[in-house]
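K.L.:
Okay, here's the structure, questions in a sec.
The values are calculated or read from the model by the stated rules, or taken from the named source; none is laboratory data. As the structure is a computational prediction, the values presented were derived from the model and not from experiment. A quick note on method: Cβ atoms are made from the backbone with ideal geometry, for glycine too, and the neighbour counts reach across all protein chains shown. Keep in mind that these areas ignore ligands, DNA and RNA; they rest on the heavy atoms of the full protein, side chains included. Shrake-Rupley method; radii C 1.70, N 1.55, O 1.52, S 1.80 Å.
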Amino acid sequence: MSTSEKTAEPRKGLPVIHLSELLRSPVLARSGEPVGRVEDVIVRLRGEDDHPPVTGIVAGVGGRRVFVGSKSIDELAPGRVVLTKNKVDLRGFERRDGEVLLRRDVLGHRLIDVAAVELIRAYDVELEDTGAGWVVARLDTRRPPKLFGLIRQSGGHAARDWTSFEPLIGHARSDAVRRMSDRFGEFKAAEIADLLEEADKAEGGEILDRVHSDPELEADVFEELDPEKASRLLDGKPDDEVAALLSRMRADDAADAIADLRQSRRRRVLELMPAAQRTKVITLMGFNPESAGGLMNVDFVSCATTATAGSALALIASARAVQPEALVKVHVLDEDGRLAGVVSVITLLQADPGETVESLMDSDPVCVSADADLTDIALLMADFNLYSIPVVDENDRVLGVVTVDDVLEATIPEDWRRREPAPRPFREITHQEGDGPAPGGETR
């Protein structure tokens, strides 16, 4: 069974309460007299592998929302909360940094399923008594069944361990604690882009805030986004941030993004970009987006005919800013800078390091002009089993390289993108199956 399919069963003998069984339940004084009702349950986030401890409840008492700490609670039980004393401190509740309200921040909200990298809604929350205090143990992620049009509040639970999820909780003063997790750095850019395309405005804002702390990852994510979604997200950023982001993106993706900006912004953003990237982007914007010129990447690796296999491989190794797909071949130029041939990385690896690329290269490579259309490029790639095709001008000077991933992205029908994706392979969980929540409880 995959990680995302596993349910987390309560540890034998430990009491479990569902949040739905506590909300609106009476809060009873030690004498048994009702003093209020449960409005929310307070927990404190700690780390991605920890189960947040319950630090208290928010109780409605006489029209006021007051804090009742865990030390003041003698019993948590389905349908009631019993206090250790007969009195309640009536000072109004104020949320502190790092505190999460389970009803307000989690119940009915979506979290990231870490294994599947998708947004999952929490329909209920399971609390478990570890012996040293109550903790958030599991989430119920299956929509409760309806009975005569009403959602039943008990039964039908699908429990998943809390640590299987990355919370997206929009409370600003909890943000620093949520950022302690480095799980976003483990996700692929395409996975984060999928999350953003599914997320609502609030969820997307928090995902973007997390990604923004890693500028290179942020650029990779925007390269993977649907152009329409990327355009909407860029509209919400100031010009200087947009320019900085586009400067880190591949020039062809940056050109597409610039073209989707409002015309009134394009010049301002372009002027804020570094000169080298601006020149590349302006060059690409001069071509039809569905032509070889519009699809090509202007960054590629080239060498002279007199270069050796060893020196050509060294050029590839140092070309860290070049798209990996554009590094599968080295473009060999004659003394006038014209394309003389291409040589594959495999050929270079298998050759003697001192052998010249001129003796190894394909001296009659398949290439296209900048106005070649998408269909022609795709057919050439299929017919000649190519991963990349150089784009040349009328003098056989290389303008750029079209890679197979760009062709696939441009040729996949739009309705295919809306299909339900195939199940992803799931990551292995790091804790032992059957491990329960860590004991503990924190004072407020």
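K.L.:
If the cut-off is 12 Å between C-alpha atoms, which aspartates and glutamates fall inside it for Lys87, apart from same-chain ones fewer than 8 positions away?
P.N.:
Of all the aspartates and glutamates, those that pass the test against Lys87 - Cα under 12 Å, at least 8 places apart if same chain - are Glu33.
K.L.:
Quick one: with all protein chains in place, what share of the accessible area of the range 302-412 is carbon or sulfur, to the nearest percent (1.4 Å probe)?
P.N.:
52
K.L.:
Give me the one-decimal nm value for the distance between modelled label points at Arg143 and Thr279, 7 Å along each residue's Cα-to-Cβ direction.
P.N.:
Using points 7 Å along Cα→Cβ, the separation is 5.6 nm.
K.L.:
While we're here: Can you list the residues of the range 296-313 with backbone N under 20 Å from a point 7 Å past the Cα of Tyr387, pointing along Cα to Cβ?
P.N.:
In the range 296-313, the label zone of Tyr387 (backbone N under 20 Å from the point 7 Å along Cα→Cβ) covers 296-303, 309-313.
K.L.:
If I model a spin label at Ser302 and Asn288 as a point 7 Å from the Cα along the Cα→Cβ vector, what separation in nanometres do I get?
P.N.:
Calculated label separation equals 2.5 nm.
K.L.:
If you roll a 1.4 Å probe over the heavy atoms of the protein chains, what accessible area per residue do you get for the range 302-412, in Å²?
P.N.:
52
K.L.:
Taking the Cβ-Cβ separation of Glu394 and Ser231 as r and a Förster radius of 41 Å, what is the calculated FRET efficiency to the nearest 0.05?
P.N.:
Efficiency at R0 = 41 Å is approximately 0.75.
K.L.:
Right, next: So, taking all protein chains as they sit and a 1.4 Å probe, how much accessible area belongs to Tyr387, in Å² rounded to tens?
P.N.:
Here the accessible area works out near 150 Å².
K.L.:
Explain nothing, just the number: dipole magnitude of the range 302-412 about its Cα centre with +1 on each Lys and Arg Cβ and -1 on each Asp and Glu Cβ, in debye rounded to the nearest 20.
P.N.:
Result for the range 302-412 is approximately 460 debye, rounded to the nearest 20.
K.L.:
Next question, about the same structure. When the Cα centres of the range 307-322 and the range 32-78 are compared, how far apart do they sit, in Å?
P.N.:
62
K.L.:
Still on this structure: For a 25 Å ceiling on Cα separation, which of these pairs sit above it: Lys229/Lys280; Lys201/Lys280; Lys280/Lys329? Don't jump to the answer; show the numbers that get you there.
P.N.:
Working: Lys229/Lys280 23 Å; Lys201/Lys280 32 Å; Lys280/Lys329 21 Å.
Result: Lys201/Lys280 exceed 25 Å.
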